[in-house]
Amino acid sequence: MATTYPLKKLRLGFVGSGFIGHFHLQAMIGVRNVEINGVYSPTPANREKLARAVGDAELGDCKAHDSLKSLLQAPDVDAIWILSPNYTRLEVMQTINRMVKSGDSKIIAVACEKPLARTLAEAREMLRLTEDANLNHGYLENQVFCTPVLRGKEIIWRRAAATTGRPYLARAAEEHSGPHEPWFWRGDLQGGGVLSDMMCHSVEVARFMLTEPGRSRDSLRLKTANGAVASLKWTRPNYVKRLKDMMGNEVDYAKRPAEDFARALLTLEDQDGAELVIESTTSWAYVGPGLRIQLELLGPEYAMEFSSLNTGLKIFMSREVRGAQGEDLVEKQNAEQGLMPVLDDEPSVYGYVDENRHMVECFRKGLTPIETFHDGVAVMEILMALYRSAELGEVVKMPCPELENYIPPVARTGS
Ligand SMILES: NC(=O)c1ccc[n+]([C@@H]2O[C@H](COP(=O)([O-])OP(=O)(O)OC[C@H]3O[C@@H](n4cnc5c(N)ncnc54)[C@H](OP(=O)(O)O)[C@@H]3O)[C@@H](O)[C@H]2O)c1
């Protein structure tokens, strides 16, 4: 039966109940017309914990399902948020495709966390499976929805670009001291190292800031990619050991390291042939107070800048203040004493609230989101070009057909 839009409410099912699942749940408190009615993840205690948290937030009658199939069959679930690890993406999407096409699932839309997949081939397959099942789709790139980015982009384009010319340079950096679960550190499971894990944010938020409002992202054409990677910190013998102690023996950076630093220089052109540049750097080797996002947008007579650690709220705690380690001040927090920045509303500043509001409203009304799996594919093509450039030590010129089946060196198995 054809769906009648708008739906009164969009009823969600989460696949995954880990770190980002709980962040999305926090964000949904600021979203209207939504319920979270189901969750599936393999460990019963974890999916039940998320279901309880949904109940506590009065965001829905959330059932903890013991299989993906059961979640997809639930009559009170309209859309799926894929929040599971990168290596599970394709299998989850294959199941969704099969069950929707056979009529066993009535879902109408799917949103997927970054990066869309581990390789360009996988990303294209994610898109194909979704469109083949006639599903609406959204790519969950939160930095595009960061409140400072939305506000800054709007002002720059309306006041400054309109009178003096479009912006030509976007700088984007994201750094922290390293991810929280072993699978992130394994190139084969995650798709690469920090370039794949975090530069996916930077290249997309930079493309977003450079895109003229009202135009689609593909109004910008990638011309060249120049990438470099390095292993700066976690291959040092004492940090190899520390990583093993924290993550278990499966993460051995003496034998199988992935890069913990990456740098990118991308050249692009817009629909009128104007030359644009994206400069990006990222690392898992930054030990400051916590996660740091730095963004800049430069044009002929103006500049915008944002740094997530330049917070209005700061707390000082003397050496007499003692307590458990936590992430209650800022994501990937590294200290509990001294002068600490505090992000007073992380789900909003990082963009999760506006991101979820946008996806929910688009899916509820049958509209196309501003970030779709097409953008997820475009991001993956850029990341693969950067890995290839770093591997060759050369600038990669686009289009580059060999990227279609390319696997970054750190993600190759059996090598
Ligand atoms: N936007 C951002 O800034 C941001 C930040 C962090 C992560 N992410 C992305 O979000 C995704 C998840 O990351 P995370 O940090 O939440 O990871 P995580 O903490 O390791 O959580 C992963 C969750 O997925 C579940 N899972 C594992 N295998 C599964 C399968 N086959 N089917 C369904 N669920 C499965 C796990 O289940 P159990 O707990 O039940 O075992 C766990 O609940 C990744 O793609 C990551 O890149 C994005």
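Only one of the listed residues (Leu392, Leu386) is closer than 27 Å to Arg263 by Cα, more than 14 Å from the ligand (Cβ to nearest atom) and touching a residue at least 12 places away in the same chain (Cβ under 8 Å). That residue is Leu386. Only one of the numbered conditions (1) open to solvent by less than 30 Å² (accessible area, probe 1.4 Å); (2) in contact with a Ser or Thr (Cβ under 7 Å, 6 or more places away or on another chain) is not met by Gln73, and that is (1). Is it the case that the range 119-130 has a residue that's closer than 18 Å to Leu10 by Cβ and either in contact with a helix residue (DSSP H, G or I) (Cβ under 6 Å, 6 or more places away or on another chain) or more than 11 Å from the ligand (Cβ to nearest atom) (or both)? Yes - at least one qualifying residue is present in the range 119-130. Figure legend. Inter-residue proximity from the range 114-143: first residues over 23 Å from Ser202 (Cβ atoms), second residues open to solvent by 30 Å² or more (accessible area, probe 1.4 Å), beta-carbon distance below 6 Å, spacing 6+ or different chains. Indicated pairs: Ala133/Lys101. Number of residues in the range 321-369 that are open to solvent by 50 Å² or more (accessible area, probe 1.4 Å), within 16 Å of the ligand (Cβ to nearest atom) and closer than 21 Å to Val205 by Cβ: the value is 2.
With respect to the conditions (1) touching a strand residue (DSSP E or B) at 6+ places or on another chain (Cβ under 7 Å); (2) under 30 Å from Lys9 (Cα atoms), Val396 lacks only one, and its number is (2). Among helices (runs of 4 or more DSSP H) entirely within the range 5-81, having at least 1 residues that are touching a residue at least 40 places away in the same chain (Cβ under 8 Å) and farther than 17 Å from Ala109 by Cβ singles out 19-28.
Quick check: anything in the range 290-303 assigned to a strand (DSSP E or B), closer than 27 Å to Glu181 by Cβ and out of contact with any Asp or Glu (no Cβ under 9 Å at 6 or more places or on another chain)? Scanning the range 290-303 turns up no residue that is assigned to a strand (DSSP E or B), closer than 27 Å to Glu181 by Cβ and out of contact with any Asp or Glu (no Cβ under 9 Å at 6 or more places or on another chain). Please indicate, with yes or no, whether at least one residue in the range 144-160 is under 21 Å from Arg364 (Cα atoms), out of contact with any strand residue (DSSP E or B) (no Cβ under 9 Å at 6 or more places or on another chain), at pLDDT 95 or above and within 16 Å of the ligand (Cβ to nearest atom). Yes, some residue in the range 144-160 is under 21 Å from Arg364 (Cα atoms), out of contact with any strand residue (DSSP E or B) (no Cβ under 9 Å at 6 or more places or on another chain), at pLDDT 95 or above and within 16 Å of the ligand (Cβ to nearest atom).
Please go through the range 148-168 and give me each residue that is more than 25 Å from the chain's Cα centre (by Cα) and part of a helix (DSSP H, G or I), ordered by number. Even if it seems obvious, please write down each step before you answer.
Initially, the range 148-168 is screened for residues more than 25 Å from the chain's Cα centre (by Cα), giving 158-166.
Once the filter is applied, which keeps residues that are more than 25 Å from the chain's Cα centre (by Cα) and part of a helix (DSSP H, G or I), the range 148-168 yields Arg158, Arg159, Ala160, Ala161, Ala162, Thr163, Thr164.
Results for (1) crowded, with 21+ Cβ neighbours inside 10 Å; (2) within 14 Å of the ligand (Cβ to nearest atom), shown as yes or no for each residue.
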site: Gly21; (1), (2): yes, yes
site: Thr43; (1), (2): no, yes
site: Arg47; (1), (2): yes, yes
site: Leu50; (1), (2): yes, yes
site: Ala57; (1), (2): no, no
site: Lys69; (1), (2): no, yes
site: Ala79; (1), (2): yes, no
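The sole residue among Thr282, Thr267 that is touching a strand residue (DSSP E or B) at 6+ places or on another chain (Cβ under 6 Å) and open to solvent by less than 10 Å² (accessible area, probe 1.4 Å) is Thr282.
The residue of the range 23-41 that is farthest from Ser84 (Cα to Cα), among those that are in contact with a Leu (Cβ under 9 Å, 6 or more places away or on another chain) and open to solvent by 40 Å² or more (accessible area, probe 1.4 Å), is Asn33.
Can we say Gly103 is away from the ligand (no atom under 11 Å from the Cβ) and surrounded by 24 or more Cβ atoms within 10 Å (Cβ to Cβ)?
Details: away from the ligand (no atom under 11 Å from the Cβ): yes; surrounded by 24 or more Cβ atoms within 10 Å (Cβ to Cβ): no.
Here the answer is no, as Gly103 does not meet what is asked.
Of all the listed residues (Ala285, Ala264), the sole one being in a strand (DSSP E or B) and touching an Asp or Glu at 6+ places or on another chain (Cβ under 8 Å) is Ala264.
The values are calculated or read from the model by the stated rules, or taken from the named source; none is laboratory data. Computed from a predicted model, the values in this text were never measured in an experiment. Because the Cβ atoms are built from the backbone with ideal geometry, glycine has one as well, and the counts that use them run over all protein chains shown. Heads up: the accessible areas ignore ligands, DNA and RNA and are worked out on the full protein's heavy atoms, side chains in. Shrake-Rupley method; radii C 1.70, N 1.55, O 1.52, S 1.80 Å.
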